[in-house]
Every structure is written in C-alpha cells, then in structure tokens.
Amino acid sequence: MADDAAPGSSPDPSPLLSSLSLNRPVPPTYSTATKPVRVPWLLGVTAAWGWRIVVITGAAALTVVALIELYVVVVPVVLALFLAAVLEPLAARLRRHRWPSALAAAVVFLATFGTLVAVLGWIGNGVAGEFEALGSKVSEGLDGAREWAQRPPLNLPAERVTQIDSDIRGATQGIVDRLGEGAAAGARTAGEVAGGVVLMLFTLFFLLKDGAKMADWMVERIPLAYRHDVVAMAVNSRRVMRQYVIATGLTGLIDGVLIGVALAVLGVPLVVPLAVLTFLGGFVPIVGATVAGFVAAIVALVTNGFGTALLVVAATLVVQQVEGNLLQPIILERAVRLHPLVTVWAVAAGLLMGGFLGAFLSVPLVAIAVGIGSHYRGSERPMLDLP
C-alpha cells in the first residue's frame, strides 16, 4: 500500500507528538528577557528623583563655583540689577512724559548717585568719630558685664566668666571677620574696588537707558515653548528684588528712628551712631537688628546701669515686633516674605559663603527660588510621569 511506510524507514512521529502535546501539558519556559522585574514603588520614585536631584545639585554647584571665580564681574552686575529694579520705574515714568531715554536715565542716575554720596559723606564726617567712642563703650560694657556676673545672683567663678568672655569675644570676632571677608575676598586691591564700582555704575546706567531693549532682545531668542515661563519668572524676580530693597531700606530707616527715639528718651549717649548701626543692620534680616540691639544694650549698661540696659532690650524687642508684625506685612508683598526660620537659615548660609554681601543677597535669592517653584507648581505644563 502506498500509505505503508517503506521498509527500513521510521514511522512519522508527528501523530505521536500531537497526542502527547494534547494530552500532557508542556512545562512553561522562563526567560529573564521577557519577565518584568518588579521594583517597589518607593524605591522607584526615590531613584527617579535621586538622579535628577544629583544632576541639578551638580549643575548648581558648578554654577556657584563659576560665579565665585568671576566675583569681580558678578558682584557689581548683581548689585546693579538690584539698583536697576528699584530705579527703572522712575526712568520709565520720565520716558512716558516724552523724555529721551538717555536723558531720563542720566537724571535718575545722577540724582541717585548724588544722594548716596551726600549720605555717605554725612555718615563719614559726622558719625565716624562717634563710632570710635561707641567701640570703647562696648569694650567697657563687656568688662562691666564680666564683673557683674561674678556678683550675686549669678556668683560665677572667675575662670568660668573668663572662659565665657573668651568664647563671646571669639564668636564676635569671627562674625566680624566673616562679615568683612566677603568684601576683602572680593576686593583685595584698590584697583578691584575701583573697577567694581565703575563696572556697577556703568552697568546701572545702561540698564536704566536700554533695559527694555535688552529684555526684548533676550526674549526674542528664547524658544516659544519656554518663552512664557521665562518671562514670568524674570518679572517675578525683578519684582522681588525691587520690593526687597525698598522694604529693607524703609524698615531699616524706621527701626533706626524708633531706636534713636527710645535711646534719647532713656538718656543713652551715642544716639546717632546707634541709630545708624540699626539702620545698616536692617539690611541683614533678623540678625542685623539683633546685633544692633545688643550693642545698644551694652552701651546703656556702661553709661546708665543695668535697669536702663533692660529697658533698651525691651525697646529693641518692641521695635522688632512692630517690624515683623506691622511694617513687613504692609511694605513687603506676600511673595517676598519668608518664614523667620527660613530667613535665619538663608542669612547664615549667605554669611558663610559670601560675608556681608552674601547675607544681604541670600534672602531675596531664596525668595526668587520660592517664586520660581510656585510658578511651576501652579503651571498647567504637563509634568513627567515618574515610576
């Protein structure tokens, strides 16, 4: 028969295999290439955020290093940006009254420069001499406080008082050195100081004159997909800088006047230098006012006794409460205000990194960063889906 197998040939195994495959289940084959690896959700989210944070931190660190290396240029430009944020609306108002752009910028620039020179000249001629007497009074006050601590009710041992005094003087000297370190590091020579001032003034004038044209030129070179975000963040940053400088100057001026009135009523000497010190301390939020109040209390302790010193401390606390609960909410907008703890952290970090200038710039920079985060949090731009 044709269907029979040829002699010596093996039968076709397909029917047998078919029956086996139908009657007996074939064990599954495992492949690491096709089986998905299950990662815990928390580990996946942590890893996804972790490498992004590492990249952003590295980029920020490199940016900070580059800015520090270029401090001779960066510091004058940053100061010019802060001043321009305050003065540019004045120049814009003159331009709206059909003043030429160059003339409007020149008038605002020269008026501001003349005012600053007059104020600094008054401080240098009328108050600098009294600051020397203020330093001697503070030194006498520290000596008197050391003697008072050895008497009742404290009755501290002399060696303990000496150790505390040494620690306080060391910490104070460290703060003073750190405050001046930024200026010393940023201006090691008179040429750097002069060059920085000239660059700041030069930049300020052209920001007042051509700031709008510069902004339009930069906006035109931003891709359309990101133009709205960049413009919104730039406008918010400019508003933060303007509000911060104006509010800091006004609150410092009011604090200085109130402290001066309180010291005059209590009969404490050196009212003018202490008021000026309070005004200058206002540019370092919280920390500056505290240091100025401490110096005023030491002077009162030396000249008028312990009771007057306590009254000066009480007056300082009252002025700070008025500043924090009344002046700042009125002068500063909500977007610029930060929690006092965040402010202290920012000032401490700025002081360590850049001295007095870092302490001054730290708070507005943190406020700008918070504003950028708030912009993206409220933006309708789709976010990346992390695992």
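The values are calculated or read from the model by the stated rules, or taken from the named source; none is laboratory data. Everything quoted here is computed from the prediction, not taken from an experiment. Ideal geometry is used to build each Cβ from the backbone, glycine not excepted, and the neighbour counts take in all protein chains shown.
Values as computed for the structure displayed
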{"read-out": "All positions within region 358-382 that are of a type in the set (Phe, Trp, Tyr) and either at pLDDT below 75 or farther than 16 Å from residue 240 by Cβ (or both)", "value": "376"}
{"read-out": "Subset of region 242-259 (residues that are free of Cβ contacts under 8 Å to residues at least 40 places away in the same chain and surrounded by 20 or more Cβ atoms within 10 Å (Cβ to Cβ))", "value": "248, 252, 256"}
{"read-out": "Qualifying residues in region 275-296 (those that are out of contact with any Gly (no Cβ under 7 Å at 6 or more places or on another chain) and touching a residue at least 40 places away in the same chain (Cβ under 8 Å)) - the one farthest from residue 347 (Cα to Cα)", "value": "295"}
{"read-out": "Single residue of 311, 327, 332 found to be within 30 Å of residue 267 (Cβ to Cβ) and modelled with pLDDT under 75", "value": "327"}
{"read-out": "Subset tally (residues that are farther than 17 Å from residue 321 by Cβ and surrounded by fewer than 23 Cβ atoms within 10 Å (Cβ to Cβ)) for region 296-310", "value": "8"}
{"read-out": "Of all residues making up region 257-279, the number that are assigned to a helix (DSSP H, G or I) and within 17 Å of residue 313 (Cβ to Cβ)", "value": "14"}
{"read-out": "Residue that is farthest from residue 323 (Cα to Cα) [pool: residues in region 260-274 that are in contact (Cβ under 8 Å) with a residue 24 or more places away in the chain and in contact with a Leu (Cβ under 7 Å, 6 or more places away or on another chain)]", "value": "270"}
